[in-house]
Each structure stands twice: as C-alpha cells, then as structure tokens.
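The values are calculated or read from the model by the stated rules, or taken from the named source; none is laboratory data. All of these numbers come straight from a predicted model, not from anything done at the bench. Note that we place each Cβ from the backbone using ideal geometry, even for glycine, and neighbour counts take in every protein chain shown. Note: areas computed on protein heavy atoms with side chains; ligands, DNA, RNA excluded. Shrake-Rupley method; radii C 1.70, N 1.55, O 1.52, S 1.80 Å.
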Amino acid sequence: MSGRAFGVLFLLLALGAGCQRSTDPPAGAAVALKLRPPAAGDPRTYSVGRVQLRALDAEDRVLAQVIEPVNRATGVIDLDFVVPAGDDRRILVEPLGSGILPDGSRTESAIALQAITGLLNVPATGSIEIEADLVPFIPDSLRFAVSGNTFFLRWKAMPIAQAHDVRVIRELGGAFSSTLVRVGQSSAVPLASLGTGASLRGYQVRSVNRFAVSAFSDTLFLP
C-alpha cells in the first residue's frame with residue numbers, strides 16, 4: 001500500500017438496522033457512502049448475511065473488492081475497504097442472500113440487492129460524501145398468469161435487470177434436476193417456452209445485468 005493513493009470507504013447506513021462502521025483507517029481520503037435501504041420488510045433482506053463491495057473504473061473493471069459479514073443481531077458491518085484514488089470511480093454495494101429450493105434447502109448465496117454510485121473522483125486526501133439507493137435484485141412475487149389461451153410465468157419487474165434466467169425444476173425418480181433458460185428483460189415468459197412434461201415441479205428466476213447475476217428467487221411450485 002505504501003506510495004499509493006487511496007480512499008477508505010465508510011458505510012453510514014446498515015442493511016435493516018444499526019450503523020456500519022470502519023476500523024481506524026490508514027491515512028488517506030475518507031469516502032462516506034450513505035445507503036438508502038429498500039422498503040421496510042423487503043423479503044430480500046431476510047437472508048442477507050454478507051455484503052460485497054467493489055470499486056470499479058469507468059469501464060466497470062474491478063479495482064478492489066471485499067466481502068464482509070453482517071452482524072445479524074445489530075445489522076452492523078465492520079468495514080475497512082480501500083478504494084484506489086482517481087477519477088471516474090464507481091462503488092458497487094451488493095448484499096448477498098439466497099432463495100429456497102423445493103426440498104427446503106437454500107440456493108447458493110448470491111446478490112440480493114444492488115447499490116451503484118455515479119462516477120466519482122476519489123481524492124488522495126480529504127473527504128467526499130455520496131449517497132446511493134439499495135435496489136432489489138432477486139425477483140419476487142412469482143405467479144402464474146393467463147392471457148387469452150397463453151399461460152405465463154410472471155414476477156415483479158426488476159428495473160435494474162437486463163435479462164433473467166429461469167430455472168426449470170423437474171423431479172424424476174425422487175431426484176430433483178434443473179435446467180436454465182435465458183429470457184429477456186420482460187417480467188413475463190410463456191410457460192410453453194420453458195418446456196413441458198409430467199416431471200415439471202416448479203420454477204425459480206434470477207436477474208442478470210452487466211455487473212452480476214442475482215441469487216435465485218424462492219420456488220414457485222406447479223399446482
């Protein structure tokens with residue numbers, strides 16, 4: 001670290017409750033990021049146990065990255081994240097959570113929400129203060145819908161998603177298997193495009209954008 005300019009990121013608002021804090025930082029700029037959380041009771045916050053932070057350049061290349069645990073009792077993150085000083089930086093904050101599989105286990109932990117700052121000029125000394133909104137990223141409110149003679153899988157629109165992956169879950173001989181179908185940004189997809197058959201058991205959906213893919217949603221089972 002010697003001889004390099006950097007900023008130390010402080011998160012001023014925790015996920016759910018409490019304040020996030022940093023250990024005493026080394027000498028350098030103080031970058032204070034205030035996160036505005038999603039609506040109270042947002043289902044994506046329930047499974048969050050860690051938060052991933054990434055410092056990006058103007059081409060979204062990763063300059064620094066850290067994953068820190070959340071204290072579930074207080075909502076506090078002990079954080080000491082170094083952001084390289086320079087122009088045209090972004091800070092990407094991604095709380096990590098998971099969905100539920102048909103057997104009751106959880107999916108792999110992945111991104112539940114995202115907050116991305118605008119382009120920043122991070123000084124070598126001094127301080128800057130910025131704000132960003134935590135936006136839901138795991139699709140929710142999965143349901144079946146019908147329009148005319150066509151049946152659809154629908155979910156709540158994810159404005160930050162550029163595409164979606166639908167996990168099609170099947171059961172054969174008591175064992176579950178799944179396939180992934182990449183669909184577009186729309187929050188509705190015809191069931192016929194996802195495959196048919198007596199082995200079908202349900203669906204999960206995850207969001208995709210230029211930064212990452214989300215964790216999968218909870219499972220919507222076939223009636």
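So which residues in the range 125-142 are closer than 30 Å to Ala192 by Cβ, part of a loop (DSSP other than H, G, I, E, B) and not β-branched (Val, Ile, Thr)?
Phe137, Pro139, Asp140, Ser141, Leu142, listed by residue number.
Does the range 26-47 hold any residues that are in a loop (DSSP other than H, G, I, E, B), touching a Leu at 6+ places or on another chain (Cβ under 9 Å), open to solvent by less than 60 Å² (accessible area, probe 1.4 Å) and at pLDDT below 80, and which are they?
Residues satisfying the conditions are Asp42, Ser47.
Looking at this structure, is Ala115 small (Gly, Ala, Ser), part of a strand (DSSP E or B), open to solvent by less than 40 Å² (accessible area, probe 1.4 Å) and at pLDDT below 90?
The answer is no for Ala115.
Select, from Ala157, Ala145, Ala192, the only residue that is loosely packed, with under 15 Cβ neighbours inside 10 Å, in a helix (DSSP H, G or I) and aliphatic (A, V, I, L, M).
Of Ala157, Ala145, Ala192, the one residue that is loosely packed, with under 15 Cβ neighbours inside 10 Å, in a helix (DSSP H, G or I) and aliphatic (A, V, I, L, M) is Ala192.
Just name the residue that is surrounded by the most Cβ atoms within 10 Å (Cβ to Cβ) out of those in the range 50-81 that are modelled with pLDDT of 80 or more and over 15 Å from Val93 (Cβ atoms).
Asp57
Would you point out which residue out of Ala163, Ala188, Ala132, Ala215 is hydrophobic (A, V, I, L, M, F, W, C), under 23 Å from Glu94 (Cβ atoms), free of Cβ contacts under 8 Å to residues at least 60 places away in the same chain and touching a strand residue (DSSP E or B) at 6+ places or on another chain (Cβ under 7 Å)?
Of the residues listed, the single one that is hydrophobic (A, V, I, L, M, F, W, C), under 23 Å from Glu94 (Cβ atoms), free of Cβ contacts under 8 Å to residues at least 60 places away in the same chain and touching a strand residue (DSSP E or B) at 6+ places or on another chain (Cβ under 7 Å) is Ala163.
Give the residue, chosen from Arg201, Arg206, Arg182, that is open to solvent by 30 Å² or more (accessible area, probe 1.4 Å), under 20 Å from Ser47 (Cβ atoms) and part of a strand (DSSP E or B).
When all the criteria are applied, what remains is Arg206.
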